[in-house]
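Note sheet for the following structure.
The values are calculated or read from the model by the stated rules, or taken from the named source; none is laboratory data. Since the model is a prediction, treat every value here as computed from it, not as a measurement. Cβ: placed from backbone, ideal geometry, glycine included. Neighbour counts: every protein chain shown.
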Amino acid sequence: MADSLLFDLAKFKELARESLQEKYLVNSDHSEDLFTMALSLSAAVKKVFYEKSENKFSSEPAIGKKIIIQFVDRMRIDAMEKFNTTTVLSMIHYYKNTAAMEKNDPIGLIIVYIERSFVPELLRLLKYPYIDYDNNSEVLDGIGTITNLIAGYFKKELGRLGYVDLEMSSFKSAINTVLDGVEYCKEQTHKYEISFEINEQKRLVVEMVMSFLPKIGKK
C-alpha cells in the first residue's frame, strides 16, 4: 500500500510538461519556477487525497497555462466555466509577511472549484462529517475546509523547494462567481489551471497565480 502512495516528481514533471506542450501554446517567457510551483500544487492536492482518502484520482492531473482576464485591476472569476453547472469556489491568498497581509498585497493566490452537488461527496471521501447539501453556508464552509487543507499542503511543498515561508489568508467562498473579481499579484499575466478526475470525471479544479518567490538565504 505504501508504495502506491509514493509520488515520483521527476516522472510526473516529465509527463505534465509533455501534456502542457501538446495541449497549450507555451510562450517563450514561460517560467520554469512557476511551472515547478504548479507541479508542487498538483503534488499537494494528491497528498491531501492520498492521506485522507482510500480513493485515487483516475489519471494524472491536467495542467494548463491560461491568460488572466482583468476586471478593474482584479482577476475575473467565473466558476461555471469549469463545470458548466452550479459551482462553488473558495480562495486563499499568500503574502510575503504580515505587513504585506495588512496592506492586502498578495504574492500568490489559489482558487479551488468544485461542482456544488459534489462538495458533500468529496468531503465524505476525505472522511469529514456529513454536511447538508441544501444549506449554502455548510456547502461554502465545506469547500473552504478543502481549500484550506490544500493551501496548507501547498505551502509545505513550497518550503521543501526552498522558498521562504509565506503567510496565508483565511478562505473566502462563493457560488458561481465573484462579481467584482479577486485581488492578485498584478505583474502576473498568466495563471495555471489544474484539473483532477475522480472515477473518470472531472471533479476538482485548482487555479494558481504566483509571483516569483525568493528562496531562503537568497534575495
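State whether the residues of the stretch 94-108 include one that is at pLDDT 90 or above, of a type in the set (Gly, Ala, Ser) and within 14 Å of LYS191 (Cβ to Cβ). The answer is yes; a qualifying residue exists. Only residues that are in contact with a Phe, Trp or Tyr (Cβ under 7 Å, 6 or more places away or on another chain) and of a type in the set (S, T, N, Q) were counted in the stretch 56-97, giving 2.
If the condition is being within 13 Å of the chain's Cα centre (by Cα) and of a type outside the set (A, V, I, L, M), then the stretch 48-64 contributes PRO61, GLY64. Right, ALA62: closer than 17 Å to LEU149 by Cα and at pLDDT 95 or above or not? No, not satisfied.
Within the stretch 120-146, the set of residues being surrounded by 13 or more Cβ atoms within 10 Å (Cβ to Cβ), over 18 Å from GLU51 (Cα atoms) and in contact with an Asp or Glu (Cβ under 9 Å, 6 or more places away or on another chain) comprises PRO120, ILE131, GLU138, VAL139. Of the residues making up the stretch 101-129, those that are touching a residue at least 60 places away in the same chain (Cβ under 8 Å) and on the phi < 0 side of the Ramachandran plot number 15.
Within the stretch 76-90, the residues that satisfy the criterion of being at pLDDT below 95 and aliphatic (A, V, I, L, M) are ILE77, ALA79, MET80.
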